[in-house]
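This report refers to the structure that appears directly beneath it.
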Amino acid sequence: MKHFLILPLLAFVLFSCSKRTAILDPILNPVNGILRDLPLQSPKSTLKDMPFKVGASVSAELLRSNPEYRALVMKEFSSLTAENAMKFWALHPEENTYNWKDADEIVDFAKANGKRMHGHTLNWFEVPGWVTNFSGDTTAWENLMRTHIQTVVTHFKGRVSSWDVVNEAIDENGGYRNNIWLQKLGISYIDKAFQYAHEADPNALLFYNDYGHDYSPIKRTAILNLVNGLKERGVPINGIGLQFHTRYNQPDADITSAITSAAATGLLVHISELDMTVNPNSDKNLTYTATLAEQQAAKYKFIVKTYYAIPKAQQFGITTWNVTDGDSWIPGTYNRPDWPLPFDANYKRKPAYQGILDGVK
Ligand code: 9MR
């Protein structure tokens, strides 16, 4: 009789030990060493339960083909941005061809799962070849820009509630970025892009989105001057997107300056593309230690805490750029190992995840 009891007990003890070892022993984790799935603060709390929207940029292809990715996105986030599917080259690859498939799939997914959908982006320097090769006078260029913006905004009207209208119009020295729109239309292209978007959907919230607030005071000042000028001229702008492709060792004071100065515009503030390199020097042999992961978590926490201190009415939300370390754009773009996000490549929560939750404690 006794061994009927002992066997299950033994199995349970062995099972518990093996789980514990797997969690604590970095060598047994096949992917990134120290990563582990954190227990949640309470069984039900996820990023969806934060006091403001928490989103991620997503890929249509991964949502379609990867059930774990899809389940994680469903479970954790309350807002989505298309990583690439709404870019000019994705939606409008030829002059008379629009390709809505990927973007519509993401928007349908967001709607079916009760998530806010943020649009990215109506105007950017990255354009398809047909735009680069387009020839025409100022009116023809205005028409091209208006047609694109209004066709896209109209297509998603009522389904996409906010847009990054103009993306990255300021260069590293604080001047206007020398892109095709500046060359063909002059600086008024920025005002016009907002006006065209507003005409097509007066209910959509319109954002100016850029990077560098956290590490470049010159760029930050130029961006704030730009958005304050838009406001003063009565251009329909509702918010400012701080991309925040930041670093685990960016000084706290820089982060505070970036967030509080954006809030001082009175606009909605969206931390729109948050990720955090732990390998800013591109060390090809770097490993992700527990210390590095904890430092990263502390910086995530500081960002969230600082954001949570701005007026509630301006808290549009925080969006991470990509979902996990496995789909981050950073390792491929910079050809280096990196672990920038709150989830590891196995879809498990990292210390950075807990850092985000702790930021609003
Ligand atoms: O993550 C995006 C990557 O997959 C694309 O190849 C790249 C070029 O379109 O854009 C990346 O996203 C960028 C975003 O659209 C604007 N801010 C910087 C982001 C990272 O480069």
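Read the figures in this text as sums done on the coordinates, not as results from a lab. Please read all numbers here as calculations on a predicted model, not as lab measurements. Virtual Cβ from ideal backbone geometry, glycine too; neighbours counted across all protein chains shown.
Reducing the range 211-242 and the range 281-305 to their Cα centroids gives an inter-centroid distance of 28 Å. Picking from D252, D137, D104, which is most flexible by a Gaussian network model of the chain using Cα springs under 10 Å? In this elastic network of the chain, the residue with the biggest mean-square fluctuation among D252, D137, D104 is D137.
Of all DSSP beta bridges confined to the chain, the antiparallel ones make up roughly 10%. Measuring r between the beta carbons of A298 and D104 and using R0 = 41 Å, the FRET efficiency lands at 0.55.
Cross-link partners of K348 among lysines, defined as those whose alpha carbon lies under 21 angstrom from its own and excluding same-chain residues fewer than eight positions apart: K19, K44, K48, K53, K75, K299, K301.
Remind me, relative contact order of the range 185-322 in percent, using alpha carbon pairs under 8 angstrom and six or more residues apart? Write down the numbers at each step before the final one.
Working: 180 pairs, mean separation 33.7, N = 138.
That works out to 24 percent.
Extension gain, I218 to E126, is 30.8 nm, computed as 0.36 nm per intervening residue step minus the present C-alpha separation.
Relative to the dominant Cα principal axis of the chain, helix 252-263 is inclined by about 50°.
Do you know the relative contact order of the chain, to the nearest whole percent, from alpha carbon pairs under 8 angstrom that are 6+ apart? All intermediate terms of the calculation are to be shown ahead of the outcome.
Working: 633 pairs, mean separation 60.8, N = 361.
Rounded, it is 17 percent for the chain.
As a proxy for reagent exposure, T138, T256 were ordered by neighbouring Cβ count within 10 angstrom, fewest first; the result is T138, T256. For the modelled label position 7 Å from the Cα of K361 along Cα-to-Cβ, which residues of the range 294-313 have backbone nitrogen atoms closer than 17 Å? Of the residues in the range 294-313, 294-309 have backbone N under 17 Å from the label point off K361. Report summary: the helix-based calculation at 222 nm, which adds -39500 (n - 2.57) for every DSSP H run with n ≥ 4 and divides by the residues of the chain, gives -13000 deg cm²/dmol. Approximating the spin labels as points 7 Å out from Cα along Cα→Cβ, the T287-to-E94 distance works out to 5.2 nm.
Working note: Debye formula, equal point scatterers on the alpha-carbon atoms of the range 225-361, no solvent; log10 I(q)/I(0) at q = 0.08, 0.16 Å⁻¹ is -0.23, -0.81. If the chain linking A309 and K75 were pulled fully straight, counting 0.36 nm for each residue of separation and taking away their Cα-Cα distance, it would gain 81.6 nm. Straight-line cross-link reach from K350 at under 18 Å between alpha-carbon atoms covers these aspartates and glutamates, not counting any fewer than eight positions away in the same chain: D25, D37, D49, E68, E76, D275, E294, D325, D327, D338, D358. For the chain, what class follows from the C-alpha gyration tensor (a ≥ b ≥ c being the square roots of its eigenvalues): rounded when a/c is under 1.5, otherwise prolate if a/b is larger than b/c, else oblate? It is prolate, given that a/c is not under 1.5 and a/b is the larger ratio. For a Förster distance of 25 Å, can you work out the FRET efficiency between the beta-carbons of D49 and T151, rounded to the nearest 0.05? Result of the calculation: an efficiency of 0.10.
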